[in-house]
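One structure is given here, and the rest of the page talks about it.
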Ligand code: NG1
Ligand code: ZN
């Protein structure tokens, strides 16, 4: 028997408590925290196998991100900091749904399928957010790793982007950066401070923000950054953990409610930065001179940073291909602005970071962002080499690009690293929040959730923009859309909730709402 203790430990400590089938989805496993003990134990077992399979360290992050505090979840991080490979998502689902009695057999089957030598060494890096349930769930994962005879490196309470960074750096021998928390803070902060060494103010840019930590781990990470950045950015921190996680604050609240976050005093003209519960998503908002609330989402961030990278690239003379990856949820005005005004090519990927990440790899410099504020920039090895060489040769634009590369956490969307990049661009341009917002005007848009008996009957193609089944639904959507000049709408089954999402855009909010309701009725 290769996994002699797997069944006993399961039965004695982490018995399977949920009968219904659960699936490793876009965000890994996610549910009410009380239902997750056995899932975490089994993910510890699986992460060990994956580590033996790849001969590298694997990450296990315990978080339910922007979801309520009573929820929790787990996601595995592959060796180069990417999301778990699709074949292993299937293994994860199989293992989690197996009865306690057959765990050893199922583990052996996975090992056989993947051709794993289970005697090999394994290393699993675990991290968790600030949820009260996270420590207990982390212990379950650690027990799983140890039961499968793997080694554990427990990072404690950290953000999701930090675990992606540390897994990457650990596995590449420190090429991307030093594989420690301090290494992470140092790399990003130093580059940020250096790029504003000549003065933190510039034109209409003031180095001052209000930081909404969502009462989660992002607040802790920001305290660390403030210690490293010093006076280069004056960040007044709110929602530092004294309130309820993600409740009436944070990036998801701001994006879905389009409202100023609770717990942060309203101050006109000052940028407010909201992160989510594991600090991999970011939203900006501000109140303009007339008292109007304005939100700057992932699309605004993507267009701002892609435009700046494009400018530096052409000034540097480097011949590198830059592109932006969005999803169908990107506001049509952002796509038009970046394509037509700035001449940056845009690709559309399916919802879910792994799809965007993959698509971004086709460019030398690939910017990807979801409208909800999750995104980053990736540089090919050739791009990195060319930029560093030109920077060494004192090409000033390449020097800036090189600095920007160090601010960015390429391994995954990273709220605070993204924030420091946005601040860098605004500083370089001498822009206020209003200047940034005025680059283009969002088209009115509306998202709706529709509950159906079986959401899997909805299938799509063309990066989710065209509905394939039920047959005839797309024709109906086309007809409805044609009733509006410049309308756009699509439907898709959510990967994280038991609902169908409807998205609509049109020239006015009234028309948009009408179109969304008509499409929702067609789905129902
Ligand atoms: P689903 O539920 O599949 O739409 C949502 C978000 C994604 C992504 C995932 C993972 C929207 C429309 N969808 O996916 O962008 O963030 O959750 O958390 O925001
Ligand atoms: Zn998150």
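Determine whether region 398-411 contains at least one residue that is surrounded by fewer than 18 Cβ atoms within 10 Å (Cβ to Cβ), in a loop (DSSP other than H, G, I, E, B) and at pLDDT 95 or above. Looking through region 398-411, none of the residues is surrounded by fewer than 18 Cβ atoms within 10 Å (Cβ to Cβ), in a loop (DSSP other than H, G, I, E, B) and at pLDDT 95 or above.
Test residue 498 against the criterion of being more than 16 Å from ligand 2 (Cβ to nearest atom), in a helix (DSSP H, G or I) and not assigned by TED's automatic domain parsing to the domain that holds residue 66, and give yes or no. Walk me through how you get there before you give the answer.
Working: more than 16 Å from ligand 2 (Cβ to nearest atom): yes; in a helix (DSSP H, G or I): no; not assigned by TED's automatic domain parsing to the domain that holds residue 66: yes.
When the stated conditions are applied, residue 498 does not pass them.
Residues in region 330-369 that are within 16 Å of ligand 2 (Cβ to nearest atom) and touching a residue at least 60 places away in the same chain (Cβ under 8 Å): 351, 352, 353, 354, 357, 368, 369. If the condition is being away from ligand 1 (no atom under 16 Å from the Cβ) and at pLDDT 95 or above, then region 270-290 contributes 270, 271, 272, 273, 284, 285, 286, 287, 288, 290.
Scanning region 452-473 for residues that are closer than 24 Å to residue 330 by Cβ and part of a strand (DSSP E or B) yields a total of 6.
Of the residues that make up region 194-207, is at least one in contact with a helix residue (DSSP H, G or I) (Cβ under 9 Å, 6 or more places away or on another chain), closer than 11 Å to residue 273 by Cβ and part of a strand (DSSP E or B)? Within region 194-207, none of the residues are in contact with a helix residue (DSSP H, G or I) (Cβ under 9 Å, 6 or more places away or on another chain), closer than 11 Å to residue 273 by Cβ and part of a strand (DSSP E or B).
Consider region 50-72. How many of its residues are under 29 Å from residue 117 (Cα atoms) and within 16 Å of ligand 2 (Cβ to nearest atom)?
First pass over region 50-72, keeping only residues under 29 Å from residue 117 (Cα atoms): 50-62.
Then drop every residue that is not within 16 Å of ligand 2 (Cβ to nearest atom), which leaves 59-62.
Within region 50-72, residues that are under 29 Å from residue 117 (Cα atoms) and within 16 Å of ligand 2 (Cβ to nearest atom) number 4.
Within region 191-213, does at least one residue satisfy the condition of being under 21 Å from the mean Cα position of the chain (by Cα), buried (at least 16 other Cβ atoms within 10 Å of the Cβ) and over 30 Å from residue 312 (Cα atoms)? Yes: region 191-213 contains one or more residues that are under 21 Å from the mean Cα position of the chain (by Cα), buried (at least 16 other Cβ atoms within 10 Å of the Cβ) and over 30 Å from residue 312 (Cα atoms).
Could you say which residue among 241, 262, 227 is in contact with a helix residue (DSSP H, G or I) (Cβ under 6 Å, 6 or more places away or on another chain), surrounded by fewer than 22 Cβ atoms within 10 Å (Cβ to Cβ) and modelled with pLDDT of 95 or more?
Details: 262 fails: in contact with a helix residue (DSSP H, G or I) (Cβ under 6 Å, 6 or more places away or on another chain); 227 fails: in contact with a helix residue (DSSP H, G or I) (Cβ under 6 Å, 6 or more places away or on another chain).
On inspection, the qualifying residue turns out to be 241.
Taken together, 78, 129, 100 contain a single residue that is within 16 Å of ligand 2 (Cβ to nearest atom) and either at positive phi or in the same structural domain as residue 13 (by TED's automatic domain parsing) (or both), which is 129. Do we find that residue 72 is in contact (Cβ under 8 Å) with a residue 40 or more places away in the chain, within 16 Å of ligand 1 (Cβ to nearest atom) and over 17 Å from residue 146 (Cα atoms) in this structure? Yes, satisfied.
The strands (runs of 3 or more DSSP E) found entirely in region 261-330 that carry 2 or more residues being over 22 Å from residue 347 (Cα atoms) are 271-275, 282-287, 293-296. A single entry from 187, 175, 204 fulfils the requirement of being at pLDDT 95 or above, under 17 Å from residue 407 (Cβ atoms) and out of contact with any strand residue (DSSP E or B) (no Cβ under 9 Å at 6 or more places or on another chain): 187.
Does residue 179 satisfy the criteria of being out of contact with any helix residue (DSSP H, G or I) (no Cβ under 8 Å at 6 or more places or on another chain) and more than 16 Å from ligand 1 (Cβ to nearest atom)? Lay out the reasoning, then the answer.
On the way: out of contact with any helix residue (DSSP H, G or I) (no Cβ under 8 Å at 6 or more places or on another chain): no; more than 16 Å from ligand 1 (Cβ to nearest atom): yes.
When the stated conditions are applied, residue 179 does not pass them.
In region 474-495, the residue that is farthest from ligand 1 (Cβ to nearest atom) out of those that are assigned to a loop (DSSP other than H, G, I, E, B) and surrounded by 19 or more Cβ atoms within 10 Å (Cβ to Cβ) is 484. Please indicate, with yes or no, whether at least one residue in region 38-58 is without any contact (Cβ under 8 Å) to a residue 60 or more places away in the chain and within 16 Å of ligand 1 (Cβ to nearest atom). No, the conditions are met nowhere in region 38-58. Any residue that is at positive phi, in the same structural domain as residue 307 (by TED's automatic domain parsing) and either in contact with a strand residue (DSSP E or B) (Cβ under 6 Å, 6 or more places away or on another chain) or within 16 Å of ligand 1 (Cβ to nearest atom) (or both) - is there at least one of those in region 376-396? Within region 376-396, not a single residue is at positive phi, in the same structural domain as residue 307 (by TED's automatic domain parsing) and either in contact with a strand residue (DSSP E or B) (Cβ under 6 Å, 6 or more places away or on another chain) or within 16 Å of ligand 1 (Cβ to nearest atom) (or both). Can you name the residue in region 336-373 that is away from ligand 1 (no atom under 16 Å from the Cβ) and part of a helix (DSSP H, G or I) and is also nearest to the chain's Cα centre (by Cα) among such residues? Of everything passing the filter in region 336-373, 338 is nearest to the chain's Cα centre (by Cα).
The values are calculated or read from the model by the stated rules, or taken from the named source; none is laboratory data. These figures come from a predicted structure and were not determined experimentally. When we count neighbours, we look across all protein chains shown, and the Cβ atoms used for this are built from the backbone with ideal geometry, even at glycine.
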